[in-house]
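In what follows, a single structure is set out as structure tokens and then discussed.
The values are calculated or read from the model by the stated rules, or taken from the named source; none is laboratory data. This is a predicted model, so every value here is computed, not measured. Backbone-built Cβ (ideal geometry, glycine too); neighbour counts: all protein chains shown. Surface accessibility is based on the protein's heavy atoms, side chains included, excluding ligands, DNA and RNA. Shrake-Rupley method; radii C 1.70, N 1.55, O 1.52, S 1.80 Å.
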Amino acid sequence: DVMNDQQYLVQNQSRQTEPTPYERKLAGAIEEVFGSGRHDLGGLVAGLNDMGVLAPGGRQWTEESFTAEMQRLGA
């Protein structure tokens, strides 16, 4: 039963705090890149760079820096 299943659905179950403005901006940009049809890591990184969404430290993203940032954020 769908109604009974929804009582167990909790969005963002692993999140300890509300997302920061940086995290919200990055999440929105990632969704936008995925929405454009890019679904691989290289395409995602290129899309973020094309949008001007910079990595920490003001640098362009690389596959390595994106992976490290996702690990740091616990994503």
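Q6 meets all of the listed conditions (1) exposed (fewer than 12 other Cβ atoms within 10 Å of the Cβ); (2) modelled with pLDDT of 95 or more; (3) not acidic (D, E) but one, namely (2).
For the stretch 34-75, filtering for residues that are within 11 Å of the chain's Cα centre (by Cα), in contact (Cβ under 8 Å) with a residue 12 or more places away in the chain and outside any helix (DSSP H, G or I) leaves 1. If the condition is being under 14 Å from K25 (Cβ atoms) and either in contact with a Lys or Arg (Cβ under 9 Å, 6 or more places away or on another chain) or open to solvent by less than 30 Å² (accessible area, probe 1.4 Å) (or both), then the stretch 48-67 contributes L48, V53, A55, P56, W61. Of note, A68 does not satisfy the criterion of being of a type in the set (G, A, S), modelled with pLDDT of 95 or more and in contact with a helix residue (DSSP H, G or I) (Cβ under 6 Å, 6 or more places away or on another chain).
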